[in-house]
Amino acid sequence: MEQSTKHFDKQFFRSMWKLTHSYWYSEEKWKARGLLAVIVCLTLFDVYIAVLINQWYNTFYNTLQQYRQSEFLHDISLFATLAFLHIAAGVYGLYLRQMLQIAWRKWMTNRYVNSWLARRTYYRMQLLGDSTDNPDQRISEDLNLFTSATLQLTLGLLKAIVTVGSFIVVLWRLSGILTLPLGSYQLTIPGYLVWAAVGYTIAGTWLTVKIGRPLIGLNYNQQRYEADFRFSLVRLRENSESIAFYRGENQERVHFTKRFLVVFDNFWQIMKKQKQLTWFTLSYFQFAIIFPTLVAAPRYFARKIELGGLIQISNAFGNVQESLSFIVNSYTDIAAWKAVVDRLLGFVRHMETVQAAATGKEKIEWRDGQAGLLAIKNLKLGLPSGRMILNNLDFQLKEGDALLVAGPSGAGKSTLLRSLAGLWPYGEGCILEPSGQTVLFLPQKSYLPLGTLRDVLLYPQPAGSVSEDGIKQIMAWCKLDGFINKLDQTEDWSRILSLGEQQRIAFARVLLQRPQWLFLDEATSALDEVTEKALYQLLQERLNKTTIVSVGHRDTLNNYHKQKLTLDGAGGWSLSVINRT
Ligand SMILES: Nc1ncnc2c1ncn2[C@@H]1O[C@H](COP(=O)(O)OP(=O)(O)OP(=O)(O)O)[C@@H](O)[C@H]1O
């Protein structure tokens, strides 16, 4: 499993840059940069308004203290204007930030989905270990969190820096010089309010980081445990019938309880840490309300500043402190954000490893050969454990051939088909594929997508690619006449159709797509022998030039093939001609 790295080290920032920069240099870069520039301007404008409001405090409270009624309404209207500008900047700042966020998320989602689907990465990632748990969560939730949190944190940081800069100047001006008697000496501290604010915040930040650090790992794990728990529930839904037949509810309950217990335990740890952190942060913020007044009180009672000045100091102090303690405020956000970044980086790395393996380092070589010829040269197939299941397989198939692959269960028949489809990476040798010809693989249980029966039949071709009459004719040939009037009905067909009906659907797909090379992995295992015969005869009549390679256990299959490849599961194989009686 990919672990959350504990620190923000150089490597993390390098990877982070890799994750982030692609969007800002993409084809959408000008739109993205333009939007970001407007948001930054609005943020700076908002800080400027905050400075004007801070000055307004001074004027307004002095007006009150000195009972200057004539200026009261003017001050109020000035406040209304400033407040309106502050609100407008806030509203549009958020609106545009969300606009940028969704555009960025859309772009990244497209990119991740494309990369996940490219070169069957989704399949190979599963095959090549489990270092990425729940890729669906990475694409749906993590990309969302990543884009929103990155913008929120970056813009928050910018605003914090500019606010600190502006209000430190204000505080410095209001501070004057503090003189402390130290024995016979006098200690003079210029801008002492600034030092007080900085000291207070640094102490708070340091303590928060110390208390809150374990939350990074805990949050990372929480997301993963939640996804694992959800996944186990989804599996029950997907396999409900099988589980119901086995009466496996108790076992499932034990399994759910076990997975949920992990969620529960981890959440307890988060709660305990969060409690400590909340004790600290709430106390810290409560004390921050009174702290500036305490610090500025000596100057007020020495009559060096008026009430307006005191309130202004308190407000400026609050702004500095709030911005400086940006890390304090958003420590848990930063922890969650770091966990998201780590997970995304893990996902990207895993995809890259799988794709690099697919393009470079693999020892099985898939090459385009001659049209009408499939040549397998010295093919060795192994398992991830290193066990050899097929040794030096060498044979050729020509257009129109029909080969039956047989052997005991677990001998490696499906694995051979996977290797011919380019899905199995463990092994070495060379496969010369028939150049420029259409190939179709039928697994034992075909995938039925969600949608109408027509979509299911045509998959993966789009609807409309075959005429209505053509579809109906082929359905009738495959003994699917009973479903003709349901062609446009949307159902969860994999739940409704029997396994045999699903296998007939798969044959109908073959006849609709008319591949030149057809590989069938126990594709008639759920059918009676009469139907099996009818379907193979249909292939021989309608697709007489198509080369057929079938994997199966039944003797009846001998009738539809010319050659037989028998695997013994220990690496050995033999090729023979089938003599039909
Ligand atoms: N992803 C995998 N990881 C590890 N081992 C695997 C994987 N897929 C298959 N195997 C192993 O490879 C061996 C061959 O499996 P395969 O499915 O090719 O056998 P088969 O001859 O088609 O069996 P059957 O007739 O029962 O369908 C089996 O021992 C199986 O456990």
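The values are calculated or read from the model by the stated rules, or taken from the named source; none is laboratory data. Because the structure is a prediction, the values reported are computed rather than measured. Backbone-built Cβ (ideal geometry, glycine too); neighbour counts: all protein chains shown. Heads up: the accessible areas ignore ligands, DNA and RNA and are worked out on the full protein's heavy atoms, side chains in. Shrake-Rupley method; radii C 1.70, N 1.55, O 1.52, S 1.80 Å.
Within the set VAL169, VAL164, the sole residue that is β-branched (Val, Ile, Thr), open to solvent by 40 Å² or more (accessible area, probe 1.4 Å) and away from the ligand (no atom under 16 Å from the Cβ) turns out to be VAL169. Of the candidates GLU468, GLU428, the single residue that is touching a strand residue (DSSP E or B) at 6+ places or on another chain (Cβ under 6 Å), more than 15 Å from the ligand (Cβ to nearest atom) and among the acidic types (Asp, Glu) is GLU428.
Among the strands (runs of 3 or more DSSP E) contained in region 318-428, which hold 2 or more residues that are outside the structural domain of GLY212 (by the TED database) and of a type in the set (S, T, N, Q)? Can you show your working first?
Working: elements: 364-368, 373-382, 388-398, 402-406.
The qualifying strands (runs of 3 or more DSSP E) are 388-398.
Note on region 429-448: among residues that are in contact with a helix residue (DSSP H, G or I) (Cβ under 6 Å, 6 or more places away or on another chain) and assigned to a loop (DSSP other than H, G, I, E, B), the one that is modelled with the highest pLDDT is LEU448. Among residues of region 521-548 that are at positive phi, those with a Cβ under 8 angstrom from a residue that is open to solvent by less than 10 Å² (accessible area, probe 1.4 Å) and in a loop (DSSP other than H, G, I, E, B), sequence gap 6+ or separate chain, pair up as GLU522/GLY552.
Here are ASN544, ASN559: which of them is open to solvent by 30 Å² or more (accessible area, probe 1.4 Å), away from the ligand (no atom under 16 Å from the Cβ) and not in a helix (DSSP H, G or I)? So that I can check it myself, show each step before the final result.
Working: ASN559 fails: not in a helix (DSSP H, G or I).
Exactly one of ASN544, ASN559 is open to solvent by 30 Å² or more (accessible area, probe 1.4 Å), away from the ligand (no atom under 16 Å from the Cβ) and not in a helix (DSSP H, G or I), namely ASN544.
Among the residues of region 497-516, is there at least one that is open to solvent by less than 20 Å² (accessible area, probe 1.4 Å), of a type in the set (S, T, N, Q) and more than 23 Å from GLN461 (Cα to Cα)? Checked against the condition, which is being open to solvent by less than 20 Å² (accessible area, probe 1.4 Å), of a type in the set (S, T, N, Q) and more than 23 Å from GLN461 (Cα to Cα), region 497-516 yields no hits at all. Among the residues of region 562-581, those that are away from the ligand (no atom under 16 Å from the Cβ) and not hydroxyl-bearing (Ser, Thr, Tyr) comprise LYS562, GLN563, LEU575, VAL577, ILE578, ASN579, ARG580.
Here is the figure for region 134-160: residues that are among the charged types (D, E, K, R) and surrounded by fewer than 18 Cβ atoms within 10 Å (Cβ to Cβ) total 2. When region 219-235 is filtered for residues that are open to solvent by 60 Å² or more (accessible area, probe 1.4 Å) and not charged (D, E, K, R), the ones remaining, listed by number, are PHE231, LEU233. Scanning region 392-415 for residues that are over 39 Å from the mean Cα position of the chain (by Cα), within 14 Å of the ligand (Cβ to nearest atom) and open to solvent by 10 Å² or more (accessible area, probe 1.4 Å) yields ALA406, GLY407, PRO408.
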